[in-house]
Amino acid sequence: SGTPTCLICTEKVAVYKEYKISCHYSTRHAEEYTKYQGDERKNWVANLKKCLLRQQDLFKKANYVVSEMIAKAGKPFKEGEFIKKCY
């Protein structure tokens, strides 16, 4: 959607600037993840990317299903029994 997302913690980085992204990584993740180097690092990043894309795809599908249920029922999403059906 145009906003950079951290592959490790899935937090959105507010500004799309290299400095902000590297600052986020160095302050939150550098100690734990600097051990990955070379091909191991590339494989690790590819795996994280694949997991994030799967998670986003799942949420897109779930949002579509809930939207369809709301449209078919013609009810607001605040009714308790309707919300239980959606889960």
Could you give every pair whose Cβ atoms fall below 9 Å, whose first residue belongs to segment 8-34 and is assigned by the TED database to the domain that holds ALA46, and whose second residue is at pLDDT below 90, counting only separations of at least 6 or pairs across chains? none
Residue identified as among the polar types (S, T, N, Q), at pLDDT below 85 and out of contact with any Ser or Thr (no Cβ under 6 Å at 6 or more places or on another chain) among SER22, SER1: SER1
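Let's see how each residue does on (1) open to solvent by less than 60 Å² (accessible area, probe 1.4 Å); (2) at pLDDT 85 or above:
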{"residue": "GLU11", "(1), (2)": "no, yes"}
{"residue": "HIS29", "(1), (2)": "yes, yes"}
{"residue": "THR34", "(1), (2)": "no, yes"}
{"residue": "TRP44", "(1), (2)": "yes, yes"}
{"residue": "LEU53", "(1), (2)": "no, yes"}
{"residue": "GLU68", "(1), (2)": "no, no"}
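The values are calculated or read from the model by the stated rules, or taken from the named source; none is laboratory data. Keep in mind that this is a model prediction, so the values were computed, not measured. Counting neighbours? That spans all protein chains shown, and the Cβs are built from the backbone with ideal geometry, glycine included. Just the protein is used for accessible areas: all its heavy atoms, side chains included, with ligands, DNA and RNA removed. Shrake-Rupley method; radii C 1.70, N 1.55, O 1.52, S 1.80 Å.
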